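Contents: one structure, followed by commentary.
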Amino acid sequence: MPAGPLSPERLTAVDGALATIAAAVPAWAPLVRLPIRFLQLRDGGRAIGASCYAWPQHVLLGDDAFASPAELAEQVLHEVSHNWLYLVEEIKTLQHRGCDHTLTLPSGTSEREPDEILGAAHVVVNVRRLWQRMDVPEEQRTQRLADLASYLDGCLALMDEARVCLTDDGQALADRLLQEAVAA
């Protein structure tokens, strides 16, 4: 992946974002302390952040991720959430092997496997919880939560299609994500 080291200033900003996440949701404090290497994404500005199942415990952040402390906290949590799920997937398979069913994410990203719908919903549920509790202006919070609700609704609408390929553990995660979506 096109990556290099983050500047010391950006590493300090990432540490601040991790502290913001832990303060907003104290139950996540041990999880944000899991060892993850944060790197600069060098893709010409095409992406704000990236992580990959095949390269666990690495998060790449683009320049746009550093636009504001709130944006950075969201992007760090987004990619760290993917890494949490990658860890789970090392232990529990969420999708049956050989399933060739693909879906299109609400963002328009096509050719996604059913377990990636779980991943997208997982990220949105987590990011929504962060925005509910993060110290930001109320107007900014309200707008971001509306955007996240719309994306989550799109993920949940795909969940029944995704279930055809999910293992029992994948089904359990889907059920938990649905509970979280309804609870908020």
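The values are calculated or read from the model by the stated rules, or taken from the named source; none is laboratory data. Being a predicted model, the structure only gives us computed values, none of them experimental. Please note: Cβ atoms are built from the backbone with ideal geometry, for glycine as well, and neighbour counts cover all protein chains shown. Just so you know, the surface numbers come from the protein's heavy atoms only, side chains and all, with ligands and any DNA or RNA stripped out. Shrake-Rupley method; radii C 1.70, N 1.55, O 1.52, S 1.80 Å.
In table form, for the structure just shown:
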read-out: Flag for Val32 being among the β-branched types (Val, Ile, Thr), within 18 Å of Leu85 (Cα to Cα) and modelled with pLDDT of 95 or more; value: yes
read-out: Residue match in region 15-26 (condition: open to solvent by 60 Å² or more (accessible area, probe 1.4 Å) and either more than 17 Å from Arg129 (Cα to Cα) or under 16 Å from the mean Cα position of the chain (by Cα) (or both)); value: yes
read-out: Which listed residue is of a type in the set (A, V, I, L, M, F, W, C) and either in contact with a Lys or Arg (Cβ under 6 Å, 6 or more places away or on another chain) or over 20 Å from Pro5 (Cα atoms) (or both), from Trp28, Trp55; value: Trp28
read-out: Of all residues in region 95-105 being farther than 12 Å from Arg163 by Cα and either outside any loop (DSSP other than H, G, I, E, B) or at pLDDT 95 or above (or both), the one that is most open to solvent (accessible area, probe 1.4 Å); value: Thr104
read-out: Top-ranked residue of region 32-65 - restricted to ones that are under 16 Å from Arg10 (Cα atoms) and open to solvent by 40 Å² or more (accessible area, probe 1.4 Å), ranked as nearest to the chain's Cα centre (by Cα); value: Ile48
read-out: Every residue from region 109-134 that is open to solvent by 30 Å² or more (accessible area, probe 1.4 Å), in contact (Cβ under 8 Å) with a residue 24 or more places away in the chain and not in a helix (DSSP H, G or I); value: Glu113
read-out: All strands (runs of 3 or more DSSP E) inside region 1-94 with 1 or more residues being among the charged types (D, E, K, R); value: 37-41
